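Right, one structure below, let's go through it.
The values are calculated or read from the model by the stated rules, or taken from the named source; none is laboratory data. Just so it is clear, the structure is predicted and the values come from calculations on it, not from any experiment. Here the Cβ is made from the backbone with ideal geometry for all residues, glycine too, and neighbour counts use every protein chain on show.
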Amino acid sequence: MRIHFKTSYEHDIRLFPDRWTFLVYAALLALAFTLPYWLNDFYIGEATNVLIWAIAGLGLMLLTGQTGQASLGHAAFLAVGCYSCVILMEQGLPFILAFPLSGIITGVIGTIIAIPAVRMHGIYLAIATIALSILADDIIVLLEPWTDGVSGKFAPTIVIFGLEIERWTMPDRFYYLVLVVTIICTLFYRNLLRSPLGRAFAAVRDSEVSATAMGVHITRTKAISFGISCAITGLGGALMGFYAGAFNNETFSIVISISLLMMIVIGGLGSIHGAFFGAIVIAFLPQGLSILKGAVMGGNVAIPGLETGVFGMILILFILFEPMGIYGRWMKIRIWFELFPFARKDMFRRQKSYLKTERLR
Amino acid sequence: MSLLEIKNATLKFGGVVAVNDLSFSVEEGEVYAIVGPNGAGKSTVFNLISRFYDPFAGSFSFDGHNLLDRKADAIADLGIARTFQNIELFDHATVLENLLVGRHRHRRTNLVEEMLFTPRVRRQAHENREAVEEVIDFLDLQPYRSKMIAGLPYGVRKVVELGRALASGPRLLLLDEPASGLSVEETQDMRWWIDDIRKQMGITVLMVEHDMGLVSGVSDRVLALADGAKLAEGTPAEVQSNPAVIEAYLGAGAA
């Protein structure tokens with residue numbers, strides 16, 4: 001059994017609550033940085049994919065998990081990030097400038113769209129953002145002179161201070177690039193959570209009326225949340241473009257939006273871990289399923305809609321039995337070990353999901 | 001000049017007159033209570049001061065500032081904090097985080113600083129924490145500091161909500177039924193706290209309350225409302241013995 005013994009206010013502010021947690025994350029980071037030595041190119045590519053999804057998931061998590069605003073339009077912002085980064089690079093800007101700039105552009109566009117959109121609540125906001133996802137496709141086609149419309153674009157080679165990075169020929173370098181971006185995004189996210197703005201996000205999520213009474217400007221806070229969320233998602237989108245190598249108007253479809261939202265729900269709303277757990281599920285589920293299918297029915301049997309079906313099933317099971325997602329389960333197992341042997345069976349009975357329909361229980 | 005001055009306030013919801021030509025003022029340093037039967041418009045007065053409703057007519061001034069010039073989220077900046085009749089806490093956050101949200105009006109750092117967590121943000125975090133810890137000490141909330149609101153009993157939530165309002169460092173505290181749903185002992189605690197809030201912290205309190213024991217125990221002046229209009233105003237004893245008040249509460253012929 002572990003006891004947190006707090007001796008200064010700094011305990012509640014610093015990144016790691018105690019030395020043990022610090023060691024765990026240090027080990028995780030060391031593993032992440034040495035991964036290319038352990039795995040072959042194919043699996044490094046898969047790990048990169050997980051991290052890119054995690055970045056995009058972090059973006060949506062900030063909006064949905066922290067601020068409580070559902071969005072089904074984040075594929076559009078992936079597209080904005082991706083196209084703006086590549087177009088800026090084609091105009092001669094180096095990657096090191098074009099990449100952060102693409103995040104900022106996505107963030108600004110997101111904020112502008114958010115100002116009218118966040119006045120809507122719950123399901124209405126979700127529907128409005130679906131429209132965004134659908135429109136993105138058409139807008140990319142309409143802006144053909146910049147986006148090359150249906151024929152699509154190829155991601156250029158990234159050059160950072162003379163160092164070439166290309167996804168197919170040098171997956172290790174690309175992996176490290178994505179890893180560094182992931183760490184920076186996670187750190188920004190974590191910093192926001194422990195500062196006044198992050199608490200204002202949670203306040204807006206849980207009670208708009210008392211947030212207002214405490215001096216939180218609801219629309220502005222939601223718009224800022226939308227903006228930051230879009231900026232992070234935009235960075236994820238740019239990396240996704242480089243990862244895919246080629247992309248057109250159909251790459252960032254509404255299916256991606258839905259997968260993103262499902263991903264953070266399965267991972268666990270409102271936690272950084274959730275974005276990563278969800279990313280692992282979404283990146284490895286298709287592979288896992290095809291291996292399983294191959295073992296059970298042979299490799300050449302096609303089952304249309306299998307992935308979507310299984311994914312939907314997993315989502316429903318999580319909403320019913322573990323509303324806090326994989327992170328919730330993870331936390332419970334951890335607490336069981338930390339309190340050993342004092343954990344009680346009913347410790348989490350009072351846990352509630354974000355769905356406010358179960359007040360009478 | 002009074003700290004809070006309300007003149008000829010009127011609010012209508014369609015044909016229903018919720019507040020009817022109401023005028024009253026709260027002096028600095030006093031505890032002022034509003035009483036009245038259900039639907040008398042007590043909470044509506046609070047929501048008018050908090051600017052959640054736009055009045056039909058009337059003037060609202062706080063320490064020389066016209067409240068009508070401000071939106072609801074700019075009221076806290078003046079130093080007006082409030083609690084709610086049906087507790088409005090941030091359920092998926094800890095007690096500490098809830099109290100820290102109370103410090104929001106003292107935020108001086110911007111988005112970029114907070115993302116980078118600069119030393120200024122860290123200093124501010126410590127300042128806020130110290131202010132919050134004083135409130136935690138005052139209200140004896142130490143055992144609940146890192147507990148989630150969702151798992152706390154009603155009485156404790158009520159105190160946390162008072163704490164969140166206090167954490168913002170207000171000049172005027174609006175308490176909407178601070179004792180509703182509390183046990184006798186908890187109500188007693190609440191009475192001492194309200195006394196101390198006024199005497200030690202020098203905060204002016206405006207409260208809506210049904211518990212006449214609490215009202216007569218702590219308040220300097222009482223306003224009785226019925227159907228949105230002023231029925232009586234004066235010391236607790238004066239208001240309680242006012243025939244119009246007795247009639248409004250108990251019905252005609254009871255007195």
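What to note about this one:
- The stretch B:28-67, residues that are touching a helix residue (DSSP H, G or I) at 6+ places or on another chain (Cβ under 8 Å), charged (D, E, K, R) and under 16 Å from B:PHE84 (Cα atoms): B:ARG51
Here is a yes/no grid of residues against (1) surrounded by 14 or more Cβ atoms within 10 Å (Cβ to Cβ); (2) away from chain B (no Cβ under 14 Å); (3) under 24 Å from A:ASN191 (Cβ atoms); (4) out of contact with any Pro (no Cβ under 8 Å at 6 or more places or on another chain):
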site: A:HIS4; (1), (2), (3), (4): no, no, yes, no
site: A:GLU10; (1), (2), (3), (4): no, no, yes, yes
site: A:TYR25; (1), (2), (3), (4): no, yes, yes, yes
site: A:ALA54; (1), (2), (3), (4): yes, yes, yes, yes
site: A:GLY59; (1), (2), (3), (4): yes, no, yes, yes
site: A:GLY65; (1), (2), (3), (4): yes, no, yes, yes
site: A:GLY73; (1), (2), (3), (4): yes, yes, no, yes
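- Remark: pairs (first residue in the stretch A:198-216, touching a residue at least 40 places away in the same chain (Cβ under 8 Å); second residue in a loop (DSSP other than H, G, I, E, B) and hydrophobic (A, V, I, L, M, F, W, C); Cβ separation under 7 Å; 6+ apart in sequence or on different chains) = A:ALA202/B:PHE90; A:ALA202/B:ALA93; A:VAL204/A:VAL216; A:ASP206/B:PHE90; A:ASP206/B:ALA93.
- Looking only at the stretch B:110-127, and only at residues there that are more than 7 Å from every other protein chain (Cβ to nearest Cβ) and closer than 25 Å to A:ALA223 by Cα, the one that is surrounded by the fewest Cβ atoms within 10 Å (Cβ to Cβ): B:VAL112
- Yes/no for B:THR94 being within 22 Å of A:ILE224 (Cα to Cα), of a type outside the set (D, E, K, R) and either more than 10 Å from every other protein chain (Cβ to nearest Cβ) or surrounded by fewer than 21 Cβ atoms within 10 Å (Cβ to Cβ) (or both): no
- Neighbours by Cβ (under 6 Å, 6+ apart or cross-chain): first from the stretch B:189-205, among the charged types (D, E, K, R); second outside any helix (DSSP H, G or I): B:ARG198/B:VAL31; B:ARG198/B:VAL205
- Only one entry of A:LEU187, A:LEU177 meets the criterion of being in contact with a Leu (Cβ under 9 Å, 6 or more places away or on another chain), more than 9 Å from chain B (Cβ to nearest Cβ) and in a helix (DSSP H, G or I), and that entry is A:LEU177.
- Listed by position, the helices (runs of 4 or more DSSP H) contained in the stretch A:1-115 that have at least 3 residues being within 28 Å of A:ILE333 (Cβ to Cβ), touching a Ser or Thr at 6+ places or on another chain (Cβ under 9 Å) and of a type outside the set (Val, Ile, Thr) are A:41-61.
- Test: residue in the stretch B:121-140 that is touching an Asp or Glu at 6+ places or on another chain (Cβ under 8 Å), of a type in the set (Lys, Arg) and closer than 26 Å to A:ARG14 by Cα: yes
- All conditions but one from (1) under 16 Å from A:LEU197 (Cβ atoms); (2) touching a Lys or Arg at 6+ places or on another chain (Cβ under 7 Å); (3) modelled with pLDDT under 95 apply to B:PHE90; the one that does not is (2).
- Members of the stretch B:49-66 that are under 23 Å from A:THR219 (Cα atoms), more than 13 Å from chain A (Cβ to nearest Cβ) and buried (at least 16 other Cβ atoms within 10 Å of the Cβ): B:PRO55
- One residue alone among B:ALA40, B:ALA33 is away from chain A (no Cβ under 14 Å), buried (at least 22 other Cβ atoms within 10 Å of the Cβ) and either part of a loop (DSSP other than H, G, I, E, B) or at positive phi (or both), and that residue is B:ALA40.
- Top-ranked residue in the stretch A:317-328 [being in contact (Cβ under 8 Å) with a residue 24 or more places away in the chain and not aromatic (Phe, Trp, Tyr); ranked as surrounded by the fewest Cβ atoms within 10 Å (Cβ to Cβ)]: A:ILE319
- Subset of the stretch A:5-41 [under 24 Å from the mean Cα position of the chain (by Cα), modelled with pLDDT under 90 and aromatic (Phe, Trp, Tyr)]: A:PHE16
- For B:HIS104: the one exception among (1) facing another protein chain (nearest Cβ under 10 Å); (2) surrounded by fewer than 19 Cβ atoms within 10 Å (Cβ to Cβ): (2)
- Screening the stretch B:81-91 for residues that are touching a residue at least 60 places away in the same chain (Cβ under 8 Å), more than 10 Å from A:ASP206 (Cβ to Cβ) and surrounded by fewer than 24 Cβ atoms within 10 Å (Cβ to Cβ) and picking the one that is farthest from the other protein chains (Cβ to nearest Cβ) gives B:GLN85.
- Elements of type helices (runs of 4 or more DSSP H) contained in the stretch B:101-174, each with 1 or more residues being under 24 Å from A:ARG190 (Cα atoms) and touching a residue at least 12 places away in the same chain (Cβ under 8 Å): B:119-139, B:154-167
- Residues of the stretch B:67-80 that turn out to be more than 7 Å from chain A (Cβ to nearest Cβ), surrounded by 21 or more Cβ atoms within 10 Å (Cβ to Cβ) and more than 27 Å from B:GLY14 (Cα to Cα), as a count: 1
- Taken over the stretch A:223-254, the criterion of being out of contact with any helix residue (DSSP H, G or I) (no Cβ under 8 Å at 6 or more places or on another chain) and in a helix (DSSP H, G or I) is satisfied by A:ALA244 alone.
- Residue within the stretch A:36-50 that is under 15 Å from A:ILE272 (Cβ atoms), touching a helix residue (DSSP H, G or I) at 6+ places or on another chain (Cβ under 8 Å) and surrounded by 16 or more Cβ atoms within 10 Å (Cβ to Cβ) present: yes
- Near pairs, Cβ below 7 angstrom, 6+ apart or cross-chain, from the stretch A:14-29 (touching a residue at least 40 places away in the same chain (Cβ under 8 Å)) to any residue that is assigned to a helix (DSSP H, G or I): A:LEU15/A:ARG190
- Scan of the stretch A:190-203 for residues that are buried (at least 24 other Cβ atoms within 10 Å of the Cβ) and more than 9 Å from chain B (Cβ to nearest Cβ), ordered by number: A:PHE201
- Residue count for the stretch B:160-206 satisfying the condition of being over 27 Å from B:ARG129 (Cα atoms) and touching a Pro at 6+ places or on another chain (Cβ under 9 Å): 1.
- Counting only residues that are of a type in the set (Lys, Arg) and either at pLDDT 90 or above or within 21 Å of A:SER257 (Cα to Cα) (or both), the stretch A:123-180 holds 2 of them.
- Considering only residues in the stretch A:207-240 that are touching a His at 6+ places or on another chain (Cβ under 6 Å) and facing chain B (nearest Cβ under 7 Å), the one that is nearest to A:PRO94 (Cα to Cα) turns out to be A:VAL216.
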